[in-house]
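Following this message is one structure expressed as structure tokens.
The values are calculated or read from the model by the stated rules, or taken from the named source; none is laboratory data. Small disclaimer: the values here were computed from a predicted structure and weren't measured. A quick note on method: Cβ atoms are made from the backbone with ideal geometry, for glycine too, and the neighbour counts reach across all protein chains shown.
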Amino acid sequence: MLIRIPQLLSPAEVAHCRQVLEAAQWVDGRVTAGEQSAKVKLNLQVPENSQQARELGELVLRALGRSPTFTSAALPLRVYPPMFNRYDAGMTFRAHVDNAIRHVPGGGRIRTDVSSTLFLTPPEEYDGGELVIEDTYGTQAVKLNAGDLVLYPATSLHSVTPVTRGSRWASFFWTQSMVKDDSRRRLLYELDNGIRHTRADLPDDHPGVLSLTAAYHNLLRQWVEM
Ligand code: NI
């Protein structure tokens, strides 16, 4: 399931991120890649422990906390501290699957259930640089407005096509979900959307609203792992 969250960051927040990133030190993106993906990865990243990555990572986490769509779609247990990357002309990340387990800087590990990319440059500033995701419903090419986020199952094979003009900046991170199975998360997300729409038209104590809400929570209770 691919979900787009438009305007996760406001234009002012995007501008702030870009200003901070302008002053950041950029290093070879292979520093965080596994053995296989290092061979197909050519991009730049801000070091995970840098002041800039920490400050902007906090900003992204706060934005996620404000987003009911992110909560409903990812059912987050833990979010990896957001990282920042860029693809200048000629840079690309060929097809790969993200590592299943990641060591969190500062301690602990997370299982990567959901991958997210938050676009920080508007599409007109670069050519190429599409995020290509092989989803259950076929291959999808994603290129969003600055401030928009896409989340997709970390089980998917994905790539970033070569940038041929300009520079593509983004934040990316993983989420360990309380529900690890993508098809179950999708079902819960669709049910939650259905309840939200129904509640817009019916009183909260309507028997239909009550039984749908009960079904949502009882499914969640069966599937959740914490
Ligand atoms: Ni990846």
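Is there a residue being over 15 Å from T121 (Cα atoms) and within 16 Å of the ligand (Cβ to nearest atom) anywhere in segment 20-28?
Yes, segment 20-28 contains at least one residue that is over 15 Å from T121 (Cα atoms) and within 16 Å of the ligand (Cβ to nearest atom).
Moving on. Which of the residues spanning segment 27-51 are surrounded by 18 or more Cβ atoms within 10 Å (Cβ to Cβ) and polar (S, T, N, Q)?
Once the filter is applied, which keeps residues that are surrounded by 18 or more Cβ atoms within 10 Å (Cβ to Cβ) and polar (S, T, N, Q), segment 27-51 yields T32, S37, N43, Q45.
Let me ask something else about it. Identify the residue in segment 123-148 that is away from the ligand (no atom under 15 Å from the Cβ) and touching a helix residue (DSSP H, G or I) at 6+ places or on another chain (Cβ under 9 Å) and, among all such residues, is nearest to R66 (Cα to Cα).
G147
Which residue out of K143, K180 is modelled with pLDDT of 95 or more, among the charged types (D, E, K, R) and under 24 Å from L77 (Cβ atoms)?
Answer to the check: K180.
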